[in-house]
Amino acid sequence: MDSRFDIVVVGAGMAGASLAARLSGHGDGNPGVLVIEGEDRPGYHATGRSAAFWTESYGGPGVQPLTAASGPELRALNMLAPRTALTLGRAGEEAEVERFARVYGDLGVEVHVLDRAGIAARVPGLRDGWTSGVLEPSTCDIDVAGLHQHYLATARRQGVEIRCRAGLRAAMRTATGWTLALADGGEITCAVLVNAAGAWADPVARLAGIAPLGIAPYRRTVAQLAVGRPVPDDLPLVLDLGETFYFKPEHGRLWLSPHDETPSAPCDAAAEELDVALAIDRLERVVDWPVERVEHRWAGLRSFAPDRLPVYGFDPADPAFFWFAGQGGFGIQTAPAAAALGASLLMGGKGGDLDPAPYAPGRFVTA
């Protein structure tokens, strides 16, 4: 088994897998890239618990370029299925609805402002008080598992080694890079250490003696419901301007989230009864659908940098430590573009077609 690598990526979720697929086969000898994962299988945490949608307004204007740039590859891989999204506004929020549409329209997103009749036609049983909304026809569902497996398979096919149950236990800086101790008892060396550890990004940095950036994990809850009326297959992904819920159809059932962001330590997150009850309460304020039962519930961790933008690039204090983290809840819908940008920077490029400056870790360094 090899013990020397050009690049070691910490984390085999969507971030680490997509980046490894872009980097694969670059070294003088194979494998030039190793991915280490602490769990029994890749994608156990955030990647495996996604609500699985691609919508350009999700994550904010700073994330939209990454989402838009990811669309062509996701379509070429047949990972998207048409959905549409509808962001609802309450009475009195008409000006905010118009502003929302203007912001994303100016970025090139197709948007349509709808009145009460327009939103009620798309959301049967819509209660009073919801008066307008913004429709995004380009929104799609994502085959998250398929995309993740595609990246893992591509990486392996091109010589990347992926080791599970091999979490990072220690990292010692050397003159030529790093000596790493792994949970499986292995010791390896590498020139560059890539931090794609999701909720564990700051702890990984501390292990390596790198100053953390304040990337904080938050719990997000999703429940699968059976409701007392047919859920239309063509129901949009329904959200609200205040970011207090979203729901979408899934094989005749409803996937619902209270859009919660509860601070959490890095962990194997689990849904809490109170958050599921909150989600149902919010749903019942939107539509008149009777909730028959909760069939399944789960939670995942979304990790944000202080400014809510992802972090891609070499640490300003150490050119052998690369950040690929802070991808919030949009890491899957932006995976192709983020991986292309990250691989370009790692290989000495300037980020390709995207400006890397908004995502550079150096933005957090104060004089």
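The values are calculated or read from the model by the stated rules, or taken from the named source; none is laboratory data. Predicted model only: the values in this text are computed from it and were never measured. Because the Cβ atoms are built from the backbone with ideal geometry, glycine has one as well, and the counts that use them run over all protein chains shown.
Structure summary
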{"item": "The one condition in (1) within 21 Å of V204 (Cβ to Cβ); (2) part of a strand (DSSP E or B); (3) over 15 Å from the mean Cα position of the chain (by Cα); (4) in contact (Cβ under 8 Å) with a residue 40 or more places away in the chain that P319 fails to fulfil", "result": "(4)"}
{"item": "Residue, nearest to A208 (Cα to Cα), within segment 168-179, restricted to residues that are surrounded by 19 or more Cβ atoms within 10 Å (Cβ to Cβ) and either in contact with a helix residue (DSSP H, G or I) (Cβ under 9 Å, 6 or more places away or on another chain) or of a type in the set (F, W, Y) (or both)", "result": "A171"}
{"item": "Residue within segment 143-158 that is over 27 Å from the mean Cα position of the chain (by Cα) and either surrounded by 14 or more Cβ atoms within 10 Å (Cβ to Cβ) or in contact (Cβ under 8 Å) with a residue 24 or more places away in the chain (or both) present", "result": "no"}
{"item": "Some residue of segment 191-204 being in contact with a Ser or Thr (Cβ under 9 Å, 6 or more places away or on another chain) and either β-branched (V, I, T) or in a strand (DSSP E or B) (or both)", "result": "yes"}
{"item": "Of all residues making up segment 226-249, the number that are surrounded by fewer than 16 Cβ atoms within 10 Å (Cβ to Cβ) and either within 26 Å of G167 (Cβ to Cβ) or of a type in the set (K, R) (or both)", "result": "1"}
{"item": "Residues (among the charged types (D, E, K, R) and either loosely packed, with under 13 Cβ neighbours inside 10 Å or in a loop (DSSP other than H, G, I, E, B) (or both)) located in segment 76-98", "result": "R83, E93"}
{"item": "Counted residues, segment 337-367 - those being assigned to a loop (DSSP other than H, G, I, E, B), of a type in the set (G, A, S) and buried (at least 16 other Cβ atoms within 10 Å of the Cβ)", "result": "2"}
{"item": "Single match in L274, L254 (criterion: in the same structural domain as R220 (by TED's automatic domain parsing) and either surrounded by 15 or more Cβ atoms within 10 Å (Cβ to Cβ) or closer than 18 Å to A196 by Cα (or both))", "result": "L254"}
{"item": "Failed criterion for E39 (all others in (1) over 30 Å from A197 (Cα atoms); (2) within 19 Å of the chain's Cα centre (by Cα); (3) acidic (D, E) hold)", "result": "(1)"}
{"item": "Qualifying residue in segment 322-335 (condition: in contact (Cβ under 8 Å) with a residue 12 or more places away in the chain, more than 22 Å from V144 (Cβ to Cβ) and either assigned to a strand (DSSP E or B) or touching a His at 6+ places or on another chain (Cβ under 9 Å) (or both))", "result": "yes"}
{"item": "Hey, D202 at pLDDT below 95 and assigned by TED's automatic domain parsing to the domain that holds S18 or not", "result": "no"}
{"item": "Test: residue in segment 209-225 that is surrounded by fewer than 16 Cβ atoms within 10 Å (Cβ to Cβ) and either outside any loop (DSSP other than H, G, I, E, B) or in contact with a Gly (Cβ under 6 Å, 6 or more places away or on another chain) (or both)", "result": "no"}
{"item": "Qualifying residue in segment 295-316 (condition: free of Cβ contacts under 8 Å to residues at least 60 places away in the same chain, more than 22 Å from S57 (Cα to Cα) and of a type in the set (D, E))", "result": "no"}
